[in-house]
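Here's the structure, in structure tokens; my notes come after.
Every read-out reported here was derived from the displayed coordinates using simple, explicitly stated rules and does not represent laboratory data. Quick caveat, the model's predicted, so the values are computed rather than measured. So basically every Cβ, Gly included, is an ideal-geometry build from the backbone, and we count neighbours across all protein chains shown.
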Amino acid sequence: MTDLSGRVTDLEKLYLTVATQDDLSTLTSFNASRFNSLQDTLTILVNEMQALHQKVVNLELASRSGSLEHHHVFSEVPSGAIDGSNRVFTLTGVPNPASSLMLVRNGLTLYSGSGNDFEISSSTITFVTGNAPQSGSNLFASYIY
């Protein structure tokens, strides 16, 4: 009798560990959903990698053709009288992009654009009214061209 009750107990334990058909359906559906989500993510990553690869190829081709050549200018003193009234100064090169220009007066970085410290057009720096560098000021420009 004990042998039979032991077998029944083993069968009960086995029954409790076996998933029901509903459990298997839910698990299968969950796994399919996760697989599809992973597949979508991998597709996006593959597309992004292909686009990045194409950009690298384009950069390599452009660098071979010389179109990526650029120069850095550090601490150039723009030409023009620093006398408190002159607002127009000239650089030896044309900043490209214009936003690469960093203009420093007496150790303070100045800002370009309407309503700021100066405006840049080609190689010409024009200080806004009332902001002309005073006599004895130090003016330095760094940029890419």
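Test of understanding: ordering 120, 125, 44 by Cβ neighbours within 10 Å, fewest first, what list do you get?
44, 120, 125
With 10 angstrom as the radius, rank 46, 88 by how many other C-beta atoms surround their C-beta, starting from the fewest.
Fewest-to-most ranking of 46, 88: 46, 88.
Which translational diffusion coefficient, to the nearest whole µm²/s, is obtained for the range 72-144 from the Stokes-Einstein equation, given a Kirkwood hydrodynamic radius over C-alpha pairs, 37 °C and 0.692 mPa s?
Reported coefficient: 275 µm²/s.
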